[in-house]
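Quick one: structure below, then a few questions.
Any read-out appearing in this document is the output of simple, stated calculations on the displayed coordinates, not a laboratory observation. Note that the coordinates shown come from a computational prediction; the quantities given were computed from them, not determined experimentally. A quick note on method: Cβ atoms are made from the backbone with ideal geometry, for glycine too, and the neighbour counts reach across all protein chains shown.
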Amino acid sequence: MERVGFVGFGEAATAFARGLGQGGVRRLVAYEPGRHGPFAAVYARRAAETGVTLVDRPDALGEMEVVVSAVTPEQAVAAARTVAPALGAGQLYVDVNSCTPGMKQEAARLLEARGVRYVDVGMAGSIKLEGHRIPIYAAGPHAQEFADRFGPYGFRIRVLGGDVGQAAAVKMIRGVVMKGMEALLVEMLLAAERAGIADVVLDSVANAYDATTFREHANMLVTTHAVHAGRRLDEVRMIRDTVRELGVEPLAIEGVARRFAEDVRHDLKTHFQNEVPAAWETVLAALRAKDAR
């Protein structure tokens, strides 16, 4: 590749630009409407470090072989709408924004109407830690072209299939745990700090997860949930009350209690005759069957 443009120039775009620049891409430009705002110095520094030319209008993106959209999630469709008039047939538009599958599909329709080749991308990891080598999922009819173009620059891309929205679905659904765990950790540590036992509690949780692989731990939790959700619901309510007693609003654990209560209603304990099933897939099949009734 010779010319790559960016819509938005935050951490993700900066990491991509650094990897591409180091790999020999000659021209890198970024359309960042906020570059004259309160973070002007930050954008200027990032551009200087990565060899990116900042532009004030999206017109310059029409000269690029590939355009990478990396804006805040709620702006993904608006960004596509804004730059669409500047783009034309044959260009590849790589949408790395963390938004819903429906938003990706809407953005794809806007751009494909102009002959632009759209790629749905979901990043699964930490840009801060992994840079442009963050694991990437790609979907849509042109996902393989994206992988072929960016792979030689060290990008780690897994092509999922031809349907726009699949990569977004991976990103969003994994977020149930990734973002949920973030909220739970914050709530746990706030309460533990109030109790003066933050390090002890964090070590205890770490020991539980470090003792096995995450997949094995996940399977254990889901399969035992089928039989022990009722007993654990009582414990979850006690956890909620403990957090509240320590002066922390139990926002995250309240959601956990609702999930447990819903599954207790399905009475999987009777369904499995008080025997823990072997695989999490069996539990999900039972929940689907209960919901279908």
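Counting only DSSP beta bridges with both residues in the chain, what percent are antiparallel, rounded to the nearest 5?
Details: 4 of 29 bridges.
Given both bridge residues lie in the chain, the antiparallel proportion sits at roughly 15 percent.
Would you mind getting me the FRET efficiency between PHE214 and GLU106? Use the beta-carbon distance for r and R0 = 25 Å, nearest 0.05.
Values: r = 34 Å, r/R0 = 1.35.
The pair PHE214/GLU106 has a calculated efficiency of 0.15.
Additional query: Please give me, ordered by residue number, the trypsin sites (Lys or Arg not before Pro) of the range 8-54 that lie in loop per DSSP and have at most 11 other Cβ atoms within 10 Å.
Working: sites: ARG18, ARG26, ARG27, ARG35, ARG45, ARG46; in loops: ARG26.
Passing both the DSSP loop test and the Cβ count: ARG26.
Stretched out fully, how many nm does the piece from ILE173 to ASP234 gain, at 0.36 nm a residue minus the Cα gap?
Working: separation 61, 0.36 × 61 = 21.96 nm, distance 2.73 nm.
Stretched fully, the ILE173-ASP234 segment lengthens by 19.2 nm.
Taking P(r) over Cα pairs in 10 Å bins from 0, in percent as the quantity of interest, determine which of [x] 6, 29, 36, 21, 6, 1, 0; [y] 6, 22, 25, 20, 18, 8, 1; [z] 7, 28, 33, 23, 8, 2, 0 was computed from the displayed structure.
From the options [x] 6, 29, 36, 21, 6, 1, 0; [y] 6, 22, 25, 20, 18, 8, 1; [z] 7, 28, 33, 23, 8, 2, 0, the structure gives [y].
What pairs in LYS128/LYS179; LYS128/LYS171; LYS179/LYS269 have C-alpha atoms more than 22 Å from each other?
With Cα atoms farther than 22 Å apart: LYS179/LYS269.
Just to confirm the filter: which chymotrypsin sites (Phe, Trp or Tyr not before Pro) across the range 1-68 are DSSP coil and have at most 12 other Cβ within 10 angstrom of their Cβ?
On the way: sites: PHE6, PHE9, PHE16, TYR31, PHE39, TYR43; in loops: PHE9, PHE39.
Those that pass, being in a loop and sparsely packed, number zero.
Suppose each label sits 7 Å from its Cα in the direction of the beta carbon; what would the LEU190-ASP203 distance come out to in nanometres?
Between LEU190 and ASP203, the simple spin-label model gives 2.6 nm.
Give the shape of the range 3-164 as rounded, prolate or oblate, defined through the alpha-carbon gyration tensor: a ≥ b ≥ c are the square roots of its eigenvalues, a/c under 1.5 means rounded, and otherwise the shape is prolate if a/b is larger than b/c and oblate if not.
On the way: a/c = 1.44, a/b = 1.16, b/c = 1.24.
Cα axes put the range 3-164 in the rounded bin.
Just to be sure I follow the definition: excluding the sites themselves, where is the longest run in the chain that has none of the GluC sites (Glu not before Pro) in a DSSP loop with at most 16 other Cβ atoms within 10 Å?
Values: sites that count: GLU2, GLU65, GLU275.
In the chain, the maximal stretch lacking such sites is 66-274.
Using Cα atoms only, what is the angle between the long axis of helix 251-265 and the major principal axis of the chain, expressed in degrees (0 to 90) to the nearest 10?
60 degrees
Which of LEU28, GLN144, ILE157 sits farthest toward the positive end of the charge dipole of the range 3-164, with +1 on the Cβ of Lys and Arg and -1 on the Cβ of Asp and Glu?
Among LEU28, GLN144, ILE157, the one farthest towards the positive end of the dipole of the range 3-164 is LEU28.
With runs of 4+ DSSP H residues as the only contributors, calculate the mean residue ellipticity of the chain at 222 nm using -39,500 (n - 2.57) per run, divided by the residue total and rounded to the nearest 500.
Details: 12 runs with 163 residues, N = 293.
Roughly -18000 deg cm²/dmol at 222 nm, from the helical runs in the chain.
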